[in-house]
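Structure, as structure tokens:
The values are calculated or read from the model by the stated rules, or taken from the named source; none is laboratory data. It should be emphasised that the depicted structure is a prediction, and the values quoted were computed from it without experimental measurement. For neighbour counting, all protein chains shown are included, and Cβ atoms are generated from backbone atoms with ideal geometry for every residue, glycine included. Ligands, DNA and RNA are excluded from the accessible area calculation, which covers all protein heavy atoms including side chains. Shrake-Rupley method; radii C 1.70, N 1.55, O 1.52, S 1.80 Å.
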Amino acid sequence: MSRAELLGVFAFWTLLGVLTAANRVADQRDFAFSPVARTVPIALAFQQMYLWALMTPPVFWLAQRFRIDRSNAVKRILLLLLIGVVLAAFIDQINSWLVRTFESRPDFREPGRGGGRNPPGMGPMNFLLGPMILNHFVLYTGVLAAGIARDYFLRFRARERETLRLQSETAQLQTQLAQARLSALNAQLNPHFLFNTLHAVSSLVERDPKGVRRMIARLSELLRYSLGGSGDNEVPIEQEISFLERYLEIMRIRFQGHLEVDVHLTESARGALVPSLILQPLVENAVKHGVEKVAAVGRIEIEGRRDDARLILTVSDNGPGLEQRGGSDTVPDAEGGVGLENIRQRLEQLYGSAQSLTLLAKPGGGTVARIVLPFRSRSELRTSAVDAEGGR
């Protein structure tokens, strides 16, 4: 038993002793005026209750040791009742011995009514003599019931803690699984991005060696960013745009002045967190299925804006559009190879159903890739983390 439980047991039996003593003082009609005769019943009341206070931890142990369930209910109940009878008889003998000890004291035997002395066995504490086994057995059953209730409560609380521990471990495993999936998706994206970029570089080796050197320099910067980054699943949108600008410079060199790019990020969208490398596959898709298909100057427009609690990212091109690829006005599963499928899976892992990726036909020709995801920033995440820590 804990210290708090022991203090509770002591306080309970002390209160019961006070009530019992008060009842005996109020009922001292047969007592003489001797101070000893008046105080002994009070002392015996506290002695009896404190003796039961000493017996309470062992009875609680019995309730825990001999737990009652369907398989052994009858045997365990009979055993506990037998122990109760023995314990009640033991305590009754102790109390009877103490009463007789006080009865035999010369300063306790006072003259009775009529001037004589009380005959043996007829002293002022006769109401404490007699068999009290039943009373003690009732007290034992009450303590035993409290012990059984305590045992059930402790087992329930232990199961509850175990359930919470398992739930916490399950949540951690799910988080680790999600992180592993995201890591696998990022690992899948990096080689895809590298091979396509190297292909773009190789296309200019003979025609523009100077441009190839610039492309290789930008490619090294891209690799340093993608391979030596912090490994965060989400990055500030300004950081994502900065990475994208390096990739777009490679594309501008490749298309020799036949590619125009317009990047527009609204003020309200600044500071937003986006999945790392989320825009590059969309731009790569716009180049492959849009810019490469037009004879005139290709144009790519990139926009990021906030719409209440949502962040909307769009990448559009002036290519032949979805109809030329056998698509329709809204094609969530249009072709795009590793890039678009990778984006879909990463968005699903990070945001669940609170996100979407769609390809739309652009009025006047072209395609628009549109991502919608929850708006959140680093400051909001820090505030949420602080609030979560404060609520524990």
Determine whether the range 238-246 contains at least one residue that is closer than 30 Å to Leu322 by Cβ, in a loop (DSSP other than H, G, I, E, B) and either among the polar types (S, T, N, Q) or at pLDDT 85 or above (or both). no
Going through the range 194-206 one residue at a time, which ones are over 16 Å from Glu292 (Cβ atoms) and in a loop (DSSP other than H, G, I, E, B)? Val205, Glu206
Out of Asp69, Asp92, I need the residue that is closer than 22 Å to Asn135 by Cα, at pLDDT below 85 and either within 53 Å of the chain's Cα centre (by Cα) or surrounded by fewer than 14 Cβ atoms within 10 Å (Cβ to Cβ) (or both). Which one? Asp92
Would you mind stating whether Arg165 is open to solvent by 70 Å² or more (accessible area, probe 1.4 Å), assigned to a helix (DSSP H, G or I), modelled with pLDDT of 60 or more and closer than 30 Å to Leu81 by Cβ? no
Taking the condition of being among the charged types (D, E, K, R) and in a helix (DSSP H, G or I), how many residues in the range 265-309 meet it? 5
Which number in (1) under 21 Å from Ser377 (Cβ atoms); (2) free of Cβ contacts under 8 Å to residues at least 12 places away in the same chain marks the one condition that Ala295 misses? (1)
Checking Gly115 against (1) modelled with pLDDT of 80 or more; (2) among the small types (Gly, Ala, Ser); (3) part of a loop (DSSP other than H, G, I, E, B), which test does it fail? (1)
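To keep it simple, each residue is scored yes or no on (1) farther than 26 Å from Glu245 by Cβ; (2) touching a helix residue (DSSP H, G or I) at 6+ places or on another chain (Cβ under 9 Å); (3) modelled with pLDDT of 90 or more; (4) not β-branched (Val, Ile, Thr).
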| position | (1), (2), (3), (4) |
| --- | --- |
| Ile302 | no, yes, yes, no |
| Ser316 | no, yes, yes, yes |
| Gly326 | yes, no, no, yes |
| Glu335 | yes, yes, no, yes |
| Gly339 | no, yes, no, yes |
| Ile343 | no, yes, no, no |
| Gln355 | no, yes, yes, yes |
